[in-house]
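What follows is a single structure, written as structure tokens, with notes after it.
FYI, it's all coordinate maths here, none of it is from the lab. This structure is a prediction, so every number in the text was calculated from the model and none was measured. As a convention, Cβ positions derive from the backbone with ideal geometry for all residues, glycine included, and neighbour counts pool all protein chains shown.
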Amino acid sequence: MIAKEGWLFLIPLILITFPLGIVAHSLNHSVLLILYYILGFSTLFLIYFFRDPLRKLPDDLNSFVSPADGKIISVKSLEDDDIGQTSYEISIYLNLLSVHVVRSPFQGVVKSVERKKGRFIPAFEHNASDVNETNTIVIKSQNCKYKIRQVAGLIARRIICYAKINQDIQKGSRLGFIRFGSRVDIIVSSNVNIIAKEGDRVLGGKTVIAELRS
């Protein structure tokens, strides 16, 4: 399955690549053939980059799933104005080969959506969430509150967010997309038990990273 964000790039690329390939092979023109292979490789890369695989959610209703594919680069406690004085933040770095769909880790209702302009330093830098362009979604469930922060990176210059204020969000549903390398932070309240550890590889909508304490 291809994410809808990818068709903006794929449709014109495919419309150019296939006719070019026919002409290049019929004329056996070396320059056109090289250009055809470059465009063909670019098409295959974008198909891979914009993939949107189906994921089976875990059965545990109290579990928080990862909001994105990637590697956990930080797990820390902090004070957050929206979530609470004692909160926990999990940061996930997405490289160019990761699935870039951002998913909801838990159910709830969207309370706020805020975009902040900023810089574009590499997303794996620890201060990237503070200085880079971000989009922050605050979601409240019946028993907890949590925040998803989409962080732009050195190459990622386009954050796409579909969450709307007062929207009901289901666990695993799509919240947005970040093009070409990025980072996603999840901040949860103190009544959530963190399972994830630094260095873990996670899959969005599938890997359990935390559990709501009963």
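For region 159-171, 3J(HN,Hα) computed residue by residue from phi via the Karplus equation (6.51, -1.76, 1.60; θ = phi - 60°) reads 9, 10, 10, 10, 5, 10, 4, 6, 6, 6, 10, 9, 4 Hz, glycine and proline entered as x. Each Lys and Arg Cβ is given +1 and each Asp and Glu Cβ -1; about its Cα centre, region 146-207 then shows a dipole of about 260 debye.
Distance between the C-alpha centres of region 146-214 and region 44-108: 3 Å, rounded to the whole angstrom. Relative contact order, whole percent, for the chain stands at 25, derived from Cα pairs under 8 Å and 6 or more residues apart. For ARG183, nonlocal amide neighbours, meaning residues 5 or more places apart or on other chains whose placed amide H falls under 5 Å from its own, are LEU94, VAL151.
Under a 5 Å amide H cut-off, with hydrogens placed 1.01 Å from N, ILE2 pairs with ASP52 among residues at least 5 apart or on other chains. Positive end of the dipole of the chain, charges at C-beta (+1 Lys, Arg; -1 Asp, Glu), about the Cα centre: which of PHE177, LEU61, PHE9 has its Cα farthest in that direction? The residue sitting farthest along the positive end of the dipole is PHE9.
Given R₀ = 35 Å, FRET efficiency for ILE2-LYS197 by Cβ-Cβ distance, to 0.05? Plugging the Cβ-Cβ distance into 1/(1 + (r/R0)^6) gives 0.60.
Give the calculated FRET efficiency between ASP82 and LEU20 to the nearest 0.05, with a Förster radius of 45 Å applied to their Cβ-Cβ distance. The pair ASP82/LEU20 has a calculated efficiency of 0.35.
Remark: region 49-66, residue by residue, has Karplus-estimated 3J(HN,Hα) of 5, 8, 5, 9, x, 6, 10, 8, 6, x, 6, 5, 5, 8, 7, 9, 9, 5 Hz, where x stands for each Gly or Pro and the curve is 6.51 cos²θ - 1.76 cosθ + 1.60 at θ = phi - 60°.
Ordering VAL31, VAL202, VAL109 by the number of other Cβ atoms within 10 Å of each residue's own Cβ, fewest first, gives VAL31, VAL109, VAL202. With both labels modelled 7 Å from their Cα along Cα-to-Cβ, the ASP59 to GLU211 distance reads 1.4 nm.
When you filter the trypsin sites (Lys or Arg not before Pro) in region 1-107 for DSSP loop state and at most 10 other Cβ atoms inside 10 Å of their Cβ, you are left with LYS56. The residue among GLY204, HIS126, ALA24 whose Cα reaches farthest toward the positive pole of the charge dipole of the chain, with charges on the beta-carbon of Lys, Arg, Asp and Glu, is ALA24.
Shape class for the chain: prolate, because the ratio a/c of the largest to smallest gyration tensor axis (alpha-carbon atoms, square roots of eigenvalues) is 1.5 or more and a/b beats b/c. Dividing the helix sum by the residues of the chain, where each DSSP H run of 4 or more adds -39500 (n - 2.57), gives a mean residue ellipticity at 222 nm of -7000 deg cm²/dmol.
Apply the a/c threshold of 1.5 to the C-alpha gyration tensor of region 137-214 and tell me whether it is rounded, prolate or oblate. It comes out oblate by the Cα gyration axes. Dipole check for region 45-165: with +1 at the C-beta of Lys and Arg, -1 at the C-beta of Asp and Glu, and the Cα centre as origin, the magnitude is about 440 Debye. When the trypsin sites (Lys or Arg not before Pro) in region 107-214 are filtered for DSSP coil states and for at most 15 other beta-carbon atoms within 10 Å of their beta-carbon, the remaining sites are LYS117, ARG157, ARG158, LYS164, LYS197, ARG213.
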